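Asker: Below is a structure I'd like to ask you about.
The values are calculated or read from the model by the stated rules, or taken from the named source; none is laboratory data. As the structure is a prediction and not an experimental result, all values here were calculated from the model. With ideal geometry, Cβ positions are generated from the backbone for all residues, glycine too; neighbour counts draw on all protein chains shown. Please note that ligands, DNA and RNA were not included when accessible areas were found on the heavy atoms of the full protein model with its side chains. Shrake-Rupley method; radii C 1.70, N 1.55, O 1.52, S 1.80 Å.
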Amino acid sequence: MTQETVTITDNRTGKSIECPIKTGTEGPAVIDCHTLYQELGLFTLDPAFVTTASCESKITFIDGDKGILLYRGYPIEQLAKQSSYPEVCYLLLYGELPTAKQMEAFTQNICQHTLLHEGLVHFYKGFRHDAHPMAMLVGVVGALSGYYPDAMDISQPEHCNTSAIRLIAKMPTIAANIHKYLVGQAYVYPRNDISYVGNFMQMMFSVPSEPYQFNETANKALEVMLILHADHEQNASTSTVRLAGSSQAHPFSCVAGGIATLWGPAHGGANEAVIRMLQEIKTPKNIPEYIRRFKDKEDATRLMGFGHRVYKNYDPRAKIIRGICHDLLQEMGATDQALFEVAMELERIALSDDYFIERKLYPNVDFYSGLILKALDIPLNMFTVIFAVARSVGWVAQWTEMIQDTHLKIGRPRQLYTGYQRRDYVPVSKRK
Ligand code: ACO
């Protein structure tokens, strides 16, 4: 079979090259133009990677036009309904759903790694009482790599796997300790006799002086939230993890880079920003004025939780979250019903407004996720930390896939230089 190609011709010189078209199992084909510089002396310019595939991957697929999200081929709707977060972790890491025996071994393995080194726990005290939890998370996860000399060699698959398990196991403990430190309560140690999510909830909310009352509705909502946020192919934070990892740095420090990237309001920080926006709007009658501001190019305010680089349709995760949000708020008797009503009305108005229709701006995962986290009593500034706990498996699965690639090369984007051409140094006495 002949290879399909795209011909690229430099019209200045008339020189051409044939670039192979590579087809994946789903999604648009790509032009493999890696010989472009060698053959024609040209780079490609694609700021923000709008049209550039940075790697090959078998983990997650998104069809942004149709609103489809698959983890290892399985639709997100089926996983959210039928799976558990640890099972999704197994799937993302190893490529297949586990048998009952494999799942038991995986769960036991996770349980063996939920504790933090006591030295690491001292790190928390170094932070100001009002530090942003994401600043603490970047620091503590970065520091993790200093504690495990037994798994530093990334050329050893067992070391990589141990690091992946440690990360998934310790993230809830690290996150819950951040919350406890900031509210001035005692750290609660992990319990390995209960579910991953149940353990996370008890570390967040129990206190040593009384028994903790588990709430199944709350646990289920958090479980689904973790599943929905577990991976999302080559987004900004995952690409950061991959780029850092391409230098063969330790996975924990690469993940710390991913966490720093996730913090921004254009990425994972949006869930926090959505709640602040809804609180500011306060009541449905103020929505038209805010819609006007969101559309005004002179005003930097954006409709947070709307729009996505890839989804030009309803984000499938937002659809699932919207459903559980409704049920959770009813059952938990949350005081946030009013904010949910503002959110639904805001969505309705935006989706019928030409500005949002023309630009294909739909609710993304963050539009309703903050309402769930708020109903679970998770403080606003912890929202992105919860997202990071969920995404840690995606980061480490993507890192593992990259590190196993025998053709791995350090990532090194090029640039179009637009600064000064060569010029001579002028001594200070002669400068005007
Ligand atoms: N409110 C108002 N206008 C918007 C919004 C928004 N939320 N999002 C995009 N637009 C407009 C832009 O102003 C632009 O208009 P123009 O063509 O007239 O200049 C057009 O839609 C395209 O927007 P871009 O910024 O070019 O789209 P991009 O793909 O770069 O950005 C992003 C995607 C960052 C998510 C953007 O939609 C946004 O800022 N949304 C709000 C923040 C948010 O919810 N982030 C969470 C994303 S999901 C996640 O990371 C988990």
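Asker: Within the stretch 47-61, restricting attention to residues that are in a loop (DSSP other than H, G, I, E, B) and closer than 11 Å to Q234 by Cα, which residue is nearest to the ligand (Cβ to nearest atom)?
Answerer: Once the filter is applied, the top-ranked residue is T52.
Asker: Please determine whether any residue of the stretch 1-22 is hydroxyl-bearing (S, T, Y), under 32 Å from the mean Cα position of the chain (by Cα), at pLDDT 95 or above and in a loop (DSSP other than H, G, I, E, B).
Answerer: Step one: of the stretch 1-22, the residues hydroxyl-bearing (S, T, Y) are 2, 5, 7, 9, 13, 16.
Checking the rest, the ones that are also under 32 Å from the mean Cα position of the chain (by Cα) come to none.
No; the residues of the stretch 1-22 include none that is hydroxyl-bearing (S, T, Y), under 32 Å from the mean Cα position of the chain (by Cα), at pLDDT 95 or above and in a loop (DSSP other than H, G, I, E, B).
Asker: Still on this model: Return a yes/no flag: does the stretch 253-271 have any residue that is among the aromatic types (F, W, Y) and open to solvent by 30 Å² or more (accessible area, probe 1.4 Å).
Answerer: So far as the stretch 253-271 goes, yes, one or more of its residues are among the aromatic types (F, W, Y) and open to solvent by 30 Å² or more (accessible area, probe 1.4 Å).
Asker: What is the number of the single condition among (1) more than 13 Å from the ligand (Cβ to nearest atom); (2) crowded, with 16+ Cβ neighbours inside 10 Å; (3) among the basic types (K, R) that R348 does not meet?
Answerer: With respect to (1) more than 13 Å from the ligand (Cβ to nearest atom); (2) crowded, with 16+ Cβ neighbours inside 10 Å; (3) among the basic types (K, R), R348 is out only on (2).
Asker: Hey, does the stretch 289-297 have a residue that's open to solvent by 30 Å² or more (accessible area, probe 1.4 Å), within 12 Å of the ligand (Cβ to nearest atom) and among the acidic types (D, E)?
Answerer: Yes: one or more hits.
Asker: Let me ask something else about it. When the residues of the stretch 299-325 are narrowed to those that are within 12 Å of the ligand (Cβ to nearest atom), among the charged types (D, E, K, R) and open to solvent by 50 Å² or more (accessible area, probe 1.4 Å), which ends up farthest from the chain's Cα centre (by Cα)?
Answerer: Step by step, filter the stretch 299-325, then rank; the result is R302.
Asker: Only one of D366, D354 is at pLDDT 95 or above and within 16 Å of the ligand (Cβ to nearest atom); which?
Answerer: On inspection, the qualifying residue turns out to be D354.
Asker: When the residues of the stretch 192-209 are filtered to those that are assigned to a helix (DSSP H, G or I) and closer than 18 Å to V88 by Cα, which remaining residue is most open to solvent (accessible area, probe 1.4 Å)?
Answerer: Only one residue fits best here, namely Y196.
Asker: Could you list, in sequence order, all residues of the stretch 150-186 that are assigned to a helix (DSSP H, G or I), farther than 15 Å from Q112 by Cα and among the small types (G, A, S)?
Answerer: Result: A151, A175, A176.
Asker: Does the stretch 3-17 contain at least one residue that is in contact (Cβ under 8 Å) with a residue 40 or more places away in the chain and either loosely packed, with under 13 Cβ neighbours inside 10 Å or β-branched (V, I, T) (or both)?
Answerer: no
Asker: Another question about this same structure. Counting only residues that are more than 22 Å from H326 (Cβ to Cβ) and hydrophobic (A, V, I, L, M, F, W, C), how many does the stretch 215-232 have?
Answerer: Number satisfying all stated conditions: 1.
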